[in-house]
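Since the structure comes first, as structure tokens, the remarks are kept for the end.
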Amino acid sequence: MNPIKEPFIPIDASPPVNLQVSTDGTRKYIFRTAGGYSIETVCIPEQERYTLCISTQAGCRMGCRFCMTGRQGFLANLSTDEILNQIRSVPEFLKLTNIVFMGMGEPFDNLDAVMASIGILTSHRGFNIPPRRITVSTAGVLPGIRVFLEKTRCPLAVSLHSPFADERRSLMPIENAYPLSEVISVIRQTPVSSQRRLFFEYILFKDFNHSQRHVDELARLLQGLRCRINLMRMHPVPGIPLESPDDQALLAFRDALLEKGFVVTVRRSRGHDIAAACGLLAPRCGEGVSA
């Protein structure tokens, strides 16, 4: 049963200005912010499940090599209203079953607005969404992780991509400020209730991060954590010499992780033809049709 309801508190709704529809049914909405920036929101329908991937910033300052949003650089934080508007203003609003903070921007780089949004989303006077249906994804901003773990029971997804600091640093500059080892340490020190799920996102790059030594180091690094590893294919980014391995290599890596006792999911790419897949969000001039 769909958990979302109309909130008691007034929410000003600003409709999307453009829409693109993928051949696989994924829908990408483009909203305009008060500051004139374009942001993208993706609705992924799958049988009775409707997942909405929302943005928290226009652009992003994290600079991850494999991400189109990061190539824009940081433009602006979204307000709480602009975050909530993405949910309230899509036609699928009352069908939504899951909200994921995995769109444009780093959620914990806009911590106050994100935490306020979660408060309204989970409040019985707000959207009344169970916390387990709201997942926040982070590159590893430690101050935000600490606040999030203390004040919410929502699932946390951490972008990992390599268990080795030098490799991860070459992909994600945030490793310099907040090393993955420290992120894992904080997660271990925080009591995780049975209601909170923990995910590690892992994009596979051809001939780079899917060897047996990566499997062994992941097993050491994540030992004892109740978590799921989500494997994803690399989506090509113009000008970046990174590729996805073939299916055989991807499945071999998955099987090796399963042998170590991990719970592993291979995430199916959705909306690639409209640049709505993971890492491809970055509004282009004139993109989409009138919504």
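The values are calculated or read from the model by the stated rules, or taken from the named source; none is laboratory data. It should be emphasised that the depicted structure is a prediction, and the values quoted were computed from it without experimental measurement. All Cβ positions, glycine included, derive from the backbone under ideal geometry; neighbour counts span all protein chains shown.
Within segment 84-110, restricting attention to residues that are hydrophobic (A, V, I, L, M, F, W, C) and within 14 Å of the chain's Cα centre (by Cα), which residue is surrounded by the most Cβ atoms within 10 Å (Cβ to Cβ)? Taking the candidates together, the pick is M104.
When residues in segment 195-213 are screened for being touching a residue at least 12 places away in the same chain (Cβ under 8 Å), more than 20 Å from the chain's Cα centre (by Cα) and over 17 Å from V266 (Cα atoms), 3 of them pass.
Restricting attention to segment 21-37, the residues that are surrounded by 15 or more Cβ atoms within 10 Å (Cβ to Cβ) and either at pLDDT below 95 or not in a strand (DSSP E or B) (or both) total 5. Whether any residue in segment 228-238 is at pLDDT 95 or above, under 17 Å from V158 (Cα atoms) and touching a helix residue (DSSP H, G or I) at 6+ places or on another chain (Cβ under 7 Å) is what I want to check. Yes, that holds for at least one residue. Looking at segment 42-51 only, could you name the residues that are buried (at least 24 other Cβ atoms within 10 Å of the Cβ) and either of a type in the set (V, I, T) or under 16 Å from S14 (Cβ atoms) (or both)? V42 - this is the single residue of segment 42-51 that is buried (at least 24 other Cβ atoms within 10 Å of the Cβ) and either of a type in the set (V, I, T) or under 16 Å from S14 (Cβ atoms) (or both).
With L281, L257, L231, L218 as the choices, which residue is in a strand (DSSP E or B) and crowded, with 19+ Cβ neighbours inside 10 Å? When all the criteria are applied, what remains is L231.
Residues checked against (1) of a type in the set (V, I, T); (2) closer than 23 Å to R169 by Cβ; (3) in contact with an Asp or Glu (Cβ under 8 Å, 6 or more places away or on another chain):
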| site | (1), (2), (3) |
| --- | --- |
| D109 | no, yes, no |
| D112 | no, no, no |
| G119 | no, no, no |
| H124 | no, no, no |
| P131 | no, no, no |
| I134 | yes, no, no |
| S137 | no, yes, yes |
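Take the conditions more than 23 Å from R71 (Cα to Cα), of a type outside the set (G, A, S) and surrounded by 15 or more Cβ atoms within 10 Å (Cβ to Cβ) and apply them to I203. Does it pass? Here the answer is no, as I203 does not meet what is asked. Checking segment 96-103 against the condition returns a match, with at least one residue being among the β-branched types (V, I, T), without any contact (Cβ under 8 Å) to a residue 60 or more places away in the chain, under 19 Å from S55 (Cα atoms) and not in a helix (DSSP H, G or I). Screening segment 111-194 for helices (runs of 4 or more DSSP H) wholly inside it with 1 or more residues that are farther than 27 Å from Y50 by Cβ, among the acidic types (D, E) and within 19 Å of the chain's Cα centre (by Cα) returns the ranges 111-122, 174-177. Whenever a residue of segment 112-127 is among the hydroxyl-bearing types (S, T, Y), its partners that are not in a helix (DSSP H, G or I), lying with C-beta atoms within less than 6 angstrom and at least six residues away or across chains, give the pairs T122/I129.
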